[in-house]
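Structure first, then comments.
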Amino acid sequence: MIKLDQFLKLVSIASTGGQAKLMILDGYVKVNGIVETRRGRKLVSGDQVTIEGKTFDVGEIIG
């Protein structure tokens, strides 16, 4: 399990927590196809995160 803002930093979409927070609050991030504005949203294996036209499978990233 990993929080959404931490995940964005892990996959190098955001370089800082502050940048990740703004991307999430501004509605640029989708989790499983739905805009997610909670930066503390807990992601689990099977979730998919989409941002800037790229989709990441959480299970593949965090193992």
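Coordinate-derived values only; no laboratory data. Being a predicted model, the structure only gives us computed values, none of them experimental. Note that we place each Cβ from the backbone using ideal geometry, even for glycine, and neighbour counts take in every protein chain shown.
Numbers for the structure displayed
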| quantity | calculated |
| --- | --- |
| For VAL29, residues with placed amide H under 5 Å, excluding near neighbours | GLU36 |
| Nonlocal amide H pairs with ASP47, under 5 Å, H built at 1.01 Å | VAL58, GLY59 |
| Additional length obtainable on full extension of the chain from LYS42 to LYS30, 0.36 nm per residue less Cα span | 3.0 nm |
| The chain: relative contact order in percent, alpha carbon pairs under 8 Å with at least 6 residues between | 30 percent |
| Other-chain or far-sequence residues with amide H under 5 Å of LYS3's (modelled H) | LEU43 |
| Proximal charge balance of SER45 [Cβ under 14 Å; K/R count +1, D/E count -1] | -2 |
| Fluctuation leader among GLY33, GLY17, GLY53 - the chain, Gaussian network, Cα springs under 10 angstrom | GLY53 |
| Of the trypsin sites (Lys or Arg not before Pro) in the chain, those whose Cβ has at most 15 other Cβ within 10 Å and which sit in DSSP loop | ARG38 |
| Assigned charges on the beta-carbon of Lys, Arg, Asp, Glu; the chain dipole about Cα centre (debye) | 240 debye |
| Tail beyond 20 Å, pair distance distribution of the range 2-62 (Cα, percent) | 8 percent |
